[in-house]
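Below is one structure, written out as structure tokens; comments come after it.
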């Protein structure tokens, strides 16, 4: 069956460190993978998209990698800050870009 | 301002009383979708629409209806709500189904069915 897993339900790190979040998928062949940030009670906010032929994408302190052989994406936040505390969701396209499905999310807490 | 607007933000209703949650976007997006979010279950897709008059079921369509008569609106209809439909609902839109620019989400509708 198809499945999207994110490494852990919650992750705590110290301010200034690099946070690394993992998204693994099974029985999908995505052409695109997205990452979102969600604050409690609010809608997800789009952060980055990476295509299957791109190994890495960067935006300010964010970096995303996409390994279609391992069926995995890594999401890095460098020099993390308490304001980065939120739930981060990965999403990948199902059925040749027709639609996106979301992983369960990882709740990141950056401790001062 | 480019946005997805959902109404109402909060709704408490009784079992069996038909209700509609509205969703409107002002970005001329082709693609729109409805999700429900429950603790421990993440975002689950209810229905999506790739364009006017084109709708498809997501993972959890039972008990819901949608329509897409015009590009900007995508209402979610609960014909006979039940307590298991108590949830936080989100509408989202995108320029295309491939989501190259990402999905824009509404602020959410918290529905309680008693």
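Readers should treat all values here as calculations from the given coordinates under stated rules, not as data from a laboratory. Predicted, not measured: the structure shown is a model, and the values here were computed from it. In this analysis, Cβ positions are derived from the backbone assuming ideal geometry, glycine residues included, and neighbour counts consider all displayed protein chains.
In this simple spin-label model, placing a label point 7 Å from the Cα along the Cα-to-Cβ direction at both residue B:14 and residue A:12 gives a separation of 4.6 nm. Taking all Cα-Cα distances within chain B, those exceeding 18 Å account for 45%.
Evaluate E = 1/(1 + (r/R0)^6) for residue B:70 and residue A:107, where r is the Cβ-Cβ distance and R0 equals 45 Å; express this FRET efficiency to the nearest 0.05.
Efficiency at R0 = 45 Å is approximately 0.75.
Reducing region B:1-34 and region A:37-112 to their Cα centroids gives an inter-centroid distance of 25 Å. Over region A:28-78, Cα pairs under 8 Å with separation of 6+ residues give a relative contact order of 25 percent.
Of the residues B:1, A:54, B:62, the one with the fewest other Cβ atoms within 10 Å heads the list, and the complete ranking is B:1, B:62, A:54. Under 13 Å from a label point 7 Å along Cα→Cβ of residue A:55: give me every residue in region A:69-112 with its amide N that close. Output list for this probe position: A:69. As a rough footprinting exposure proxy, the listed residues B:14, B:66, A:64, B:60 were ranked by other beta carbons within 10 Å of their own, and the order from fewest upward is B:14, B:60, B:66, A:64. Neighbour counts of other Cβ atoms within 10 Å put B:69, A:57 in the fewest-to-most order B:69, A:57.
Quick one: compute a quarter of the convex hull surface over the Cα atoms of the protein assembly as shown and quote it in nm². It would help to have the intermediate numbers written out before the result.
Working: hull surface 49.3 nm².
Computed as one quarter of the Cα hull surface, the answer is 12.3 nm².
The mean number of partner chain beta-carbon atoms within 10 angstrom of a residue's beta-carbon across peptide B:102-108 is 6.
Order B:22-34, B:72-84 from most to least packed using the mean count of other Cβ atoms within 10 Å.
In decreasing order of mean packing, B:22-34, B:72-84 become B:22-34, B:72-84.
Over region A:1-53, what relative contact order in percent results from Cα pairs under 8 Å that are six or more residues apart?
On the way: 57 pairs, mean separation 16.5, N = 53.
With pairs under 8 Å counted, the relative contact order is 31 percent.
Which of A:83, A:31, A:91 moves most in a GNM of chain A, Cα contacts under 10 Å? It is A:83. Look at the alpha carbon pairs under 8 Å that are at least 6 residues apart: their mean separation over the length of chain B gives a relative contact order of 36 percent.
Between residue A:24 and residue B:3, how many nm apart are label points set 7 Å from Cα along the C-beta direction? Once both label points are built, they end up 4.1 nm from each other.
An oblate overall shape is assigned to region A:31-112, the ratio a/c of its alpha-carbon gyration tensor axes (a ≥ b ≥ c) being 1.5 or greater and a/b not exceeding b/c. Potential lengthening of the chain between residue B:22 and residue B:41 amounts to 4.5 nm, from the contour at 0.36 nm per residue minus the alpha-carbon distance. Take each residue of peptide A:35-45, count the partner chain Cβ atoms within 10 Å of its Cβ, and average: the result is 4.
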